[in-house]
Amino acid sequence: MLQVSGLRKHFELAAGHVGKDPVVVRAVEDVSFAIDKGETLTIVGESGCGKSTIAKMLVGLVAPTAGTVEVAGRMLSPDRTQDDRRLIQLVSQNPWSALNRRRTLRHALEQPLLAHGIGRTKADRARLVGEMVERVGLTDRHLGQLPAGVSGGELARAVLARALLLSPQVLVLDEPTASLDVSVKATVVNLLLDLRAELGLSMVLITHELDIARKLADKSAVMYLGRIVEQGSGEQVFDEPRHPYTRMLLASMPVADPEHRRLPEGLGEVASAIAPPPGCAYHPRCAYAEAICGTAVPELLLQGDRMLACHRADELGLPSEVAAAHAAAGVPLPLHASSPADPQRATGGRQAYDDPSDAPVPVPERTKT
Amino acid sequence: MAQLSRRRFLGLSVLAAAAGGTLLSACSSEDVASRVASRHKDGILQVGVASAPSNINPLDSGSEVTRWISEPVVESLYTYDDSLASVPLLADGEPELSKDKLTWTIRLRQDITWQNGDPLTADDVVATLAHVTDLSAGSEWVTYFIGYVQKFHAVDEHTVAIVTTKPYGLMRSHLTNLPIVHKDYVASKNQIMGTGPYKLDSFVPGQSFVTSRYDGYHGDKPAFNGITFTVFQDGSTREISLKQGKIDLITSVPYRDLNAMKNESGLTVQVSESPLDILTYVLMTREPFNDDNFRRAVAVSMDRAGVVEKVFGGEATTGQGPIGPAELGWDPSLQEFPATPDYELAKSLLAKASTTRRDFVMTIGANQTSKDVAQVLAAGWSQIGLKVTIEQLAGGPWSNKWLGRDYDMLMNMFQSGFTSGPANYMTLAPADSTNVLSCGYHNEEVNKLIAVVWQTFDDAEREDALKKVNRILAEDAVIFPPAYPRLALARRNEITPVDEQMLRVSRIEFQNLKFATSG
Amino acid sequence: MTTTVTSIEPAPVSPLAAPAPKRWHRVREWRAAIQGFASWLGVGCLAFFLLIATVGRIGRDPEALVTLGAEAPSLAHWFGTDNLGRDVFARTASGAWTSLLISLSCILLAVLIAVPLGMWAGWRHGKRTDDIIMRGLETMQALPMFIFVMFIIMLVGSKPIDIGPFTIGMEPRIAVCLALGFVPFFARIARAGTLVEMQEDYVAGLQVIGVKQRRILTREIYVNVMPSVWVQCFLGIAIAIFAEGGLSFLGLGVAPPQATLGNLIAEAGSQIIGGAWWYAIFPGLVMVIGILGFNLVGDAFNDNVLGSRGEAERA
């Protein structure tokens, strides 16, 4: 359904001094992945690793330096046509700023219809908007409101509804829940699960929230400084991580029990994207780094069941070893050992999420009062 | 922008404070008197004038703005005596006229020296005449000589001959008013070299002019060590400075303050009939003033009494024809128009008019008096349904309208004493259909009479012709000014009065003023 | 980049007022703006000024000569009469009206020209169009605004211009000239506002949806740029009343006998000397009250509607 190959984005920063060459920031370097219909790929990584740039390139907000994006067999041009746009839609980070603060939700939801000439008459459009609003769990009453008049959860639903009005094949979600309250997050995640099942949507979920990523992932990619370091199925990446960085990420997830808390095996801060370290960008933080890691950039290669970019993949990669390491470190195993065999996921049924406020049509939330 | 406005508010408050201060200082007039007395120890007369010329050459301009400042510096071949008869000054006796009345031979006095020490010679007079008859020099005097003066030359070192194309009786008047300037300075715009009792030492354009006594003066020894002219454009500032004793004499007292000023102690307001005209012309070559009935309607509904009372505080005479009470040809018996407007007559005249226009533009000069006059008249004319648009223009653009014959009604204040003495010959120019300034009026009799005025050597004949022209122009409603204002100036009582007879020819004669002996 | 919502308090929506029409939000915003003594004082001043300028003119002829000469204030002539015998109250009212008309039309015209220009420049930020527009505006601003306006008026001249059956008098010309002077001022506000809005996520969102750029600019960004422009309009009107006064003071204003606050005060300045204090005091007072009113109300809207955001956009 979605085929991305060799995606690359270099930004040029103006030179500090006249005569100096401009500094090139390699925000995204040679990223490729593919997802099928109804599948979800989650891209995880720390802030500044290039996740959001990928999202922007996917939806055409940023033109890639190199690489192609193909949806449903159609190659999308860098200057997106209206037809290109209908195939792939974005749900942006912050619902509070995703909609014009001086326009009603109705106005916002009519925009995709007007832009693409969907619905001939006003009444047609009102009907389409009304249906979509209902589908995401809002009511007509919300449509007359300004964004400031509704809650964050409702806004997130409205943003989602707007993207869905174009019936896209692929939905790119850039940190869809990052700025929401915990209780609201759950309802939004459940809504996404519903929609995926209902509409057979393919999704690219970009997030730094690992629990959400794990919850939704069919496939997962882990990024570090513009490159994918590990890519595989959700279970492989989250349950049996092999790349040292993936392990560090999972290990750094907040742990409720203070007795089980320990420092992750990585060291220090994320390196600068402007002047990345030579060789493997992760090597200054890596506990397993060797001489070669400082000189050669490891390629993303199929290593057994998944893709890995690590010089020591062979030595560190054993799943059993990882599990043992996890146990030794006191890091809890993933929340749910959701396997492909999970009957609920497989049938697209509603999956209970550990949250009491989970309801199909939530009462209006007051996130800010 | 805010800055300017702020300054304006500041200005206003300063003005208010000054007004308050004046009231206070009026209570203590003795302080003012002692201040004046101590100031006078330097022997300098301080004069406050309303505006300053950009070009101080007295040969270029006959306006009082230039001439009041140059009056003590320059002299002319002839001058006015106490009865305003023309008598020799730089000339040595009466001019000698050839039998055909075309050649004038003028002998010069030999005891005259310029303020730089050079002796006065015939070359100086020739240079002066050459300048004012040179079209490219841009002198206002050119209109007084062109067409009449054919040539002039120095007969000997102290004799000048002027040859005219036709008899030119009016030239005596011109030679009585035209200043004679040193031959090296005739074209100078920033220096004056004259033979008068005071010499111009320095000046700051637009601000002040400093003269000092010329010890080599041929006449009576000057009374002051010097005369300083300071420009106060704002009438009130001028008045306050006089009241506070900072200056001794001011020109152009704003008419609306005349009565208040008359009541001030320590000051004297001098008001005199003067060749001060409200030039009023209508263009008769186009609608609506080409219509006789329209013109008469406008003339009879002119609020003359309103202008006299409200604008000039009563110090003016009701207007009729172009010639006023201080001017040659004045005819008090001419009462063509009522003082208070006759709106009924005007309406019936308008009803008879063939033009359907009921509006016109009144183009006035950029001074408060013109503006006040225009507003009073416009308010009056609105009573008979005439819509008057007032357009206020600076001197240059105003003159261009006149020369370009692009106006409905033109109006401005004009003082003619420095060019025409006790008359205003230029006022009549637009009535002459052959003149470049013609307003479109065509009357052979008027043309002939004006020619007589310029050519005759007989003053009685000239006066008679002027009277006739005046009457015709009033009766035909061609030139009908609303009023003949009087000249008003104010002086501190610490100096002697200005000669009222001389004010009739616009002269203040600073050189003849003195500090009054206290008593 | 994502601090947008912080300054705008979401108004609590009661379920009853649920399908609140758009206008209500605005009314609420504006009503909320009038808070505090200074604001109410501003509203009072503004009301007084508008009352004088409108109701005050009814049935009075500002050009009629009603008394013989200047008379002090009395029951018949509340503000006295001037030296030509005209009622100063009638002249003040008519002057306030003229000044108001000139200022209002000047600001409207300036906004009409400046906002599209400024928004266009903001949209093309960093590109040639932006460069050309901004350099152009900077050239206009090279001269102090007042000098610039004077210069334009000198160029245009003061004689009535006839275009077919219409005669363009001095008032529209002053309005147009002042408006030109205000264009850089409003264009900058519009450009700054557009730049800020362009960074907002919703703009990117609309682009992804496929909304045309022009439509984003005119339908979406526009509504967010205008509030700060409107608020500045109040201050602009105050400045315009001032400026018109200044021009009239310098004799570049409307032709006599038409009164404006500026030329009334200009003439009054030299009349105070005769003891006729009422000439200057009353028109001056009305002008000050009007300017104060527009300023205070504008400030109130600025502080309370736009909040700190308004500050940022003006900077």
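Just for region A:129-160: of the residues that are over 19 Å from A:Pro112 (Cβ atoms) and surrounded by fewer than 17 Cβ atoms within 10 Å (Cβ to Cβ), which one is nearest to the other protein chains (Cβ to nearest Cβ)?
Among them, the one singled out is A:Arg141.
Given the conditions (1) of a type outside the set (Val, Ile, Thr); (2) touching a residue at least 40 places away in the same chain (Cβ under 8 Å); (3) open to solvent by less than 50 Å² (accessible area, probe 1.4 Å); (4) not in a helix (DSSP H, G or I), report the number of the one that B:Leu466 does not fulfil.
Every listed condition holds for B:Leu466 apart from (4).
Among the strands (runs of 3 or more DSSP E) confined wholly to region B:208-319, which include 2 or more residues that are more than 20 Å from B:Arg492 (Cβ to Cβ) and either open to solvent by less than 30 Å² (accessible area, probe 1.4 Å) or of a type in the set (D, E, K, R) (or both)?
Filter on region B:208-319 gives B:208-213, B:276-282.
Inside region B:379-393, can you point out the residues that are of a type in the set (D, E, K, R) and either under 22 Å from C:Thr67 (Cα atoms) or more than 7 Å from chain C (Cβ to nearest Cβ) (or both)?
B:Lys387 - this is the single residue of region B:379-393 that is of a type in the set (D, E, K, R) and either under 22 Å from C:Thr67 (Cα atoms) or more than 7 Å from chain C (Cβ to nearest Cβ) (or both).
Among (1) open to solvent by 30 Å² or more (accessible area, probe 1.4 Å); (2) modelled with pLDDT under 90, there is one condition A:Ala126 misses while meeting the rest; what is its number?
So the condition that A:Ala126 fails would be (2).
Looking at region B:222-236, is at least one residue over 26 Å from B:Asp31 (Cα atoms), in contact with a strand residue (DSSP E or B) (Cβ under 8 Å, 6 or more places away or on another chain) and not assigned by TED's automatic domain parsing to the domain that holds B:Gln368?
yes
Are any residues in region B:500-519 under 17 Å from B:His40 (Cα atoms) and surrounded by 13 or more Cβ atoms within 10 Å (Cβ to Cβ), and if so, which ones?
Matches in region B:500-519: B:Phe510, B:Gln511, B:Asn512, B:Leu513, B:Phe515, B:Ala516.
From (1) open to solvent by 10 Å² or more (accessible area, probe 1.4 Å); (2) part of a helix (DSSP H, G or I); (3) at pLDDT below 90; (4) more than 8 Å from chain C (Cβ to nearest Cβ), pick out the condition that doesn't hold for A:Gly119.
That leaves (2) as the condition not met.
Which of the residues that make up region B:423-457 are in contact with a Pro (Cβ under 9 Å, 6 or more places away or on another chain) and surrounded by fewer than 21 Cβ atoms within 10 Å (Cβ to Cβ)?
B:Leu437, B:Ser438, B:Gly440, B:Gln455, B:Thr456, B:Phe457
Does C:Asp87 qualify as being buried (at least 17 other Cβ atoms within 10 Å of the Cβ), modelled with pLDDT of 85 or more and among the charged types (D, E, K, R)?
Criteria met by C:Asp87.
A:Asp257 is checked against (1) open to solvent by less than 20 Å² (accessible area, probe 1.4 Å); (2) of a type in the set (Asp, Glu); (3) modelled with pLDDT under 80 and fails just one. What number does that condition carry?
All conditions pass for A:Asp257, except number (1).
Residue-wise test of (1) over 23 Å from the mean Cα position of the chain (by Cα); (2) not assigned by TED's automatic domain parsing to the domain that holds A:Leu171; (3) not aliphatic (A, V, I, L, M).
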site: A:Ser92; (1), (2), (3): no, no, yes
site: A:Arg101; (1), (2), (3): yes, no, yes
site: A:Gly117; (1), (2), (3): yes, no, yes
site: A:Asp124; (1), (2), (3): yes, no, yes
site: A:Val129; (1), (2), (3): yes, no, no
site: A:Glu134; (1), (2), (3): yes, no, yes
site: A:Gly137; (1), (2), (3): no, no, yes
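Can you name every residue in region B:111-166 that is in contact with a Phe, Trp or Tyr (Cβ under 7 Å, 6 or more places away or on another chain), closer than 30 Å to B:Ser399 by Cα and not in a helix (DSSP H, G or I)?
B:Thr133, B:Tyr148, B:Thr164, B:Thr165, B:Lys166
Of these, C:Glu244, C:Glu267, which one is surrounded by 22 or more Cβ atoms within 10 Å (Cβ to Cβ), at pLDDT below 85 and more than 30 Å from C:Arg188 (Cβ to Cβ)?
That would be C:Glu267, the only listed residue that is surrounded by 22 or more Cβ atoms within 10 Å (Cβ to Cβ), at pLDDT below 85 and more than 30 Å from C:Arg188 (Cβ to Cβ).
Can A:Val182 be described as in the same structural domain as A:Met75 (by TED's automatic domain parsing) and either buried (at least 24 other Cβ atoms within 10 Å of the Cβ) or under 24 Å from C:Gly210 (Cα atoms) (or both)?
Here the answer is no, as A:Val182 does not meet what is asked.
Closer than 19 Å to C:Met119 by Cβ, within 14 Å of chain B (Cβ to nearest Cβ) and in a helix (DSSP H, G or I), is that true of C:Gly290?
So C:Gly290 fails the test.
Against the condition within 18 Å of the chain's Cα centre (by Cα) and not assigned by TED's automatic domain parsing to the domain that holds B:Asn493, how does B:Pro288 come out, does it pass?
no
Of the residues that sit in region A:82-104 and are open to solvent by less than 60 Å² (accessible area, probe 1.4 Å) and more than 7 Å from chain C (Cβ to nearest Cβ), which one is farthest from A:Leu173 (Cα to Cα)?
A:Asp84
Could you tell me whether any residue of region B:352-362 is under 12 Å from B:Ala297 (Cα atoms), assigned to a helix (DSSP H, G or I), assigned by TED's automatic domain parsing to the domain that holds B:Asp303 and out of contact with any Asp or Glu (no Cβ under 6 Å at 6 or more places or on another chain)?
yes
Any idea which of C:Val203, C:Val176, C:Val208, C:Val223 is within 12 Å of chain A (Cβ to nearest Cβ), open to solvent by 10 Å² or more (accessible area, probe 1.4 Å), more than 13 Å from C:Gly122 (Cα to Cα) and in a helix (DSSP H, G or I)?
C:Val223
Out of everything in region C:248-263 that is modelled with pLDDT under 80 and assigned to a helix (DSSP H, G or I), what residue ends up being farthest from the other protein chains (Cβ to nearest Cβ)?
So the residue we want is C:Ser248.
Given the condition closer than 21 Å to B:Val181 by Cβ, at pLDDT 95 or above and in contact with an Asp or Glu (Cβ under 7 Å, 6 or more places away or on another chain), answer yes or no: does some residue in region B:53-73 qualify?
No, that holds for no residue.
Which of the helices (runs of 4 or more DSSP H) found entirely inside region A:166-247 contain at least 2 residues meeting this: among the polar types (S, T, N, Q)?
Per the criteria, A:182-199.
The values are calculated or read from the model by the stated rules, or taken from the named source; none is laboratory data. Everything numeric in this text was worked out from a predicted model, so none of it was measured. Cβ sites come from the backbone with ideal geometry, for glycine too, and all protein chains shown count toward neighbours. Each accessible area value is taken on the protein alone, full model and side chains, heavy atoms only, with ligands, DNA and RNA left out. Shrake-Rupley method; radii C 1.70, N 1.55, O 1.52, S 1.80 Å.
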